[in-house]
Amino acid sequence: MTAAVCPACPPGHETQIASLPDARLMLSVPEIHCGGCIVAVERALKGVPGVRDARVNLTLKRAAVDAAADIDVDTLTQALKTAGFEAHPLDPGVIASQSVDAKGRDLLMRLAVAFFAMMNVMLLSVAVWSGADGATRDMMHWISAAIAIPAVLFAGRPFYASAWGALRGGHLNMDVPITLAIVLAIATSLSETMQSGPHAYFDAAIGLCCFLLAGRYLDHRTRARARSAAAELAALEVPRATRLDKDGPQIVAASALQPGDKVRILPGARVPADGIVVEGHSEIDRSLMTGESLPAAIEPGQTIRAGEGNLTGVLVLRVTAAGKDTELARIADLVAVAEAGRSRAVALADKAAGLYAPGVHILAAVAALGWWLATQDMRISLNIAAAVLIITCPCALGLAVPAVATAASGRLFRKGLLVKDGTALERLAEVDTVVFDKTGTLTVATPQAEGWQCIPSSERGVARALADASAHPLAKGLAHALREAGIAPAQIAEVNEVPGQGISAKWRGMSVKLGRLVDGASTAQLPMASSGFQIASGPIRVVTFENRLRPGAEALVRALQSEGKRIVLLSGDAAAPVKAIADRLRISEFSSDMRPIEKAAYLEKLANTGAKVLMVGDGLNDTAALAAAHVSIAPATGLDAARTASDIVLLGEDLEPIYGALETAKKARRRITENFTLATLYNVVAVPLAIAGLATPLIAALSMSLSSLTVSANAIRLGRR
Amino acid sequence: MSVLGILIPVSLFLGGLGLGFFFWLLKRGQFDDPDGSANRILTDEYDDQPKS
């Protein structure tokens, strides 16, 4: 990078893209899970020359690296790959804005204050409960007031702000009864204390605050983790393009391209805009866009579209459509349409809150009115209203649901699944049909070489060396197979790759070739892709390839089938490979050559028959379907658009965690219902007492703490095996 | 009962000390990577940068 060695150069595009001196680079390493991994990752990173320090954050599964300016992220990911860890570079700009989780710390601080105050007030209250009276009781009450009032004012702010916002907007939310309960409890307790009365609810008010803040903090942590993970994934791909200007090539953002611009695309890069190839030959990987598993040969005059991957040769493209006009953007619009059509799921807790908030207000008001009519005593009736509000405090809603969600999503996170949407778990529990995409989802990009054993063992090293040198998926598949077999590459020279034809080189003075050596007529009879290998003018060895299944794909399909779930395979690929995979996985329902809009239509049809569909897909052709499904999962290797459209992102290579996720979701749902039942039981016992005027501060404190503790304990059970 | 006049302020002061200590830890970033801290204690390598 020129800018890095010349810090005095005027800033331009180059300097913005180049890493800053002493940049703290961030890597996402989803596979770290133990103390040993921490050491291994840090050692691998520190082993890279130029790296001054590396620090792993196990909670966020990230590594921060302090490195010299000339170290780029690819060196680091490569180093981690050799150490056996998959790593993704993160955009430090995006991370920097999130590394200081200001809201989380703020909540934690308020929680600490509330907890401190609650413990002290509870201690003082013990004296009152155990029979202190007269001046002693008044003194305890006054000290409690002195601790509780400032604490409640400070700690309860998030509730007051939210309740005020809801009231101004003219509707009720959970925080309105909470705020009312706190304010009323503090006000009546204060007036009781002034009149030397026995009923002061300072402990209950601050306890309410503390338990609800704990729920709020858990909720925030779950959401923040999911959100930052999603933002990190978004930061993985920063679309850039090399524009060929009159005064030389310049790196610009893909969004800055205009029709008519000329763009150079290097092998391995994504096509930044739609256009026509004007120079160069190459092969284009369309697997993410259409689901085709084999690359297509490209020559001048052909059209390529944004998002496709360039494999083997350098291309020069004349842009015909950029930004919003590309095919890519048009499919994104389709996603928006599909999303608008999906009825937004309402979280169980919100449904409960919708019934709960008005109910509690009416109950408290009726109780207060009844007592006022009966006794004509304002003081007693307000006391009763406060007691009712405190006893019916929505701890079960405010603490139990976030506790379950945290436990469940924490468990999924350990398995490599990121839950992006709050209601996704609840929707996942209802799934009865699972729709899979083929390319990139059930299968991986590099195909599996079959019958490479036909290459004599003396020639395998040469084949490995040739295959290693190419970026073509078939060559990669062969290289993978040979590497697995432990074959070392031979020394070759003068490597030359002809896009669409293959790769050739010199080995011990003989010319060696790998690629399309057999003519079209004979390959057409083979059901699968094939590649020829030849040394000098010796016999041609034909290696055939099959789509390689993702690890865990077979186990996942088996497990889902044994549960009686309906499984469908929808692919944009040609009929033969789709059928081969469906047969291998014993999936009876499958369709090939599906266009994006057809996939989405298929899902809508399923939804109209009442099926709750889980869509698993990674490509652009899946995005509309992902958005249309009841709930959706995308692997992290997929396109941005697919990850954005889906509810859950799968980080690792293995598909099997999806089955575990379904199980966890069902358990989480059961725990939430159990918690609601528990909370209702407490209310059924305690509310009549409160209305009857028998709820002493001791009963209020006991019922609240006990119900909060039981529901959280029940939620925590989920996180364990 | 006059002993309460001493004990209550003392207990409040001690509690407040704990609260202040917690704030200090929060600011030092001790709660940024709870899982990592739990695991690092088991590794053989000397951790010369326990914070951050």
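The values are calculated or read from the model by the stated rules, or taken from the named source; none is laboratory data. Please read all numbers here as calculations on a predicted model, not as lab measurements. Cβ atoms come from the backbone with ideal geometry, glycine included; neighbour counts cover every protein chain shown.
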* Report yes if A:Val685 is in a helix (DSSP H, G or I), surrounded by fewer than 17 Cβ atoms within 10 Å (Cβ to Cβ) and touching a residue at least 12 places away in the same chain (Cβ under 8 Å), otherwise no. => yes
* Residue count for region A:529-582, restricted to those that are among the hydroxyl-bearing types (Ser, Thr, Tyr) and assigned to a strand (DSSP E or B) -> 3
* Structure fact -> Checked region A:161-175 for anything farther than 18 Å from A:Met704 by Cα and part of a helix (DSSP H, G or I); matches are A:Ala161, A:Ser162, A:Ala163, A:Trp164, A:Gly165, A:Ala166, A:Leu167, A:Arg168
* To do: Considering every residue within region A:665-677, establish whether at least one is over 30 Å from A:Val366 (Cα atoms), without any contact (Cβ under 8 Å) to a residue 60 or more places away in the chain, over 22 Å from the mean Cα position of the chain (by Cα) and assigned to a helix (DSSP H, G or I).
  => yes
* Taking the condition in contact with a Leu (Cβ under 6 Å, 6 or more places away or on another chain) and within 29 Å of A:Thr441 (Cα to Cα), does A:Gly275 pass? -> yes
* Filter result (farther than 24 Å from A:Leu108 by Cβ and at pLDDT below 85) within region A:167-179 -> A:Gly169, A:Gly170, A:His171, A:Leu172, A:Val176, A:Pro177
* Asked: What is the residue count in region A:585-605 for residues that are basic (Lys, Arg) and surrounded by 16 or more Cβ atoms within 10 Å (Cβ to Cβ)?
  -> 1
* Asked: Going by the conditions given, is A:Ala611 without any contact (Cβ under 8 Å) to a residue 24 or more places away in the chain, outside any helix (DSSP H, G or I) and on the phi < 0 side of the Ramachandran plot?
  -> no
* Structure fact -> Within region A:479-488, the residues that are out of contact with any Phe, Trp or Tyr (no Cβ under 8 Å at 6 or more places or on another chain) and part of a helix (DSSP H, G or I) are A:Ala479, A:His480, A:Arg483, A:Glu484
* Asked: Looking at (1) touching a Leu at 6+ places or on another chain (Cβ under 6 Å); (2) surrounded by fewer than 20 Cβ atoms within 10 Å (Cβ to Cβ); (3) at pLDDT below 85, which is the one condition that is false for A:Ala256?
  -> (1)
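Quick grid of which residues meet (1) more than 24 Å from A:Leu218 (Cα to Cα); (2) in contact (Cβ under 8 Å) with a residue 12 or more places away in the chain; (3) within 10 Å of chain A (Cβ to nearest Cβ):
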{"site": "B:Ser2", "(1), (2), (3)": "yes, no, no"}
{"site": "B:Gly5", "(1), (2), (3)": "yes, no, yes"}
{"site": "B:Leu19", "(1), (2), (3)": "no, no, yes"}
{"site": "B:Phe22", "(1), (2), (3)": "no, no, yes"}
{"site": "B:Phe31", "(1), (2), (3)": "no, no, yes"}
{"site": "B:Asp35", "(1), (2), (3)": "no, no, yes"}
{"site": "B:Asn39", "(1), (2), (3)": "no, no, yes"}
* How many residues, within region A:109-138, are over 28 Å from A:Pro158 (Cα atoms) and either within 8 Å of another protein chain (Cβ to nearest Cβ) or not in a helix (DSSP H, G or I) (or both)? -> 5
* Could you give every pair whose Cβ atoms fall below 7 Å, whose first residue belongs to region A:17-40 and is under 16 Å from A:Lys415 (Cβ atoms), and whose second residue is at pLDDT 80 or above and part of a strand (DSSP E or B), counting only separations of at least 6 or pairs across chains? -> A:Val29/A:Ala63; A:Ile32/A:Val56
* Pairs, please: C-beta under 7 Å, at least 6 apart or cross-chain, first residue farther than 16 Å from A:Pro272 by Cα and in region A:293-313, second surrounded by 22 or more Cβ atoms within 10 Å (Cβ to Cβ) and of a type in the set (Lys, Arg)? -> A:Ala296/A:Arg286
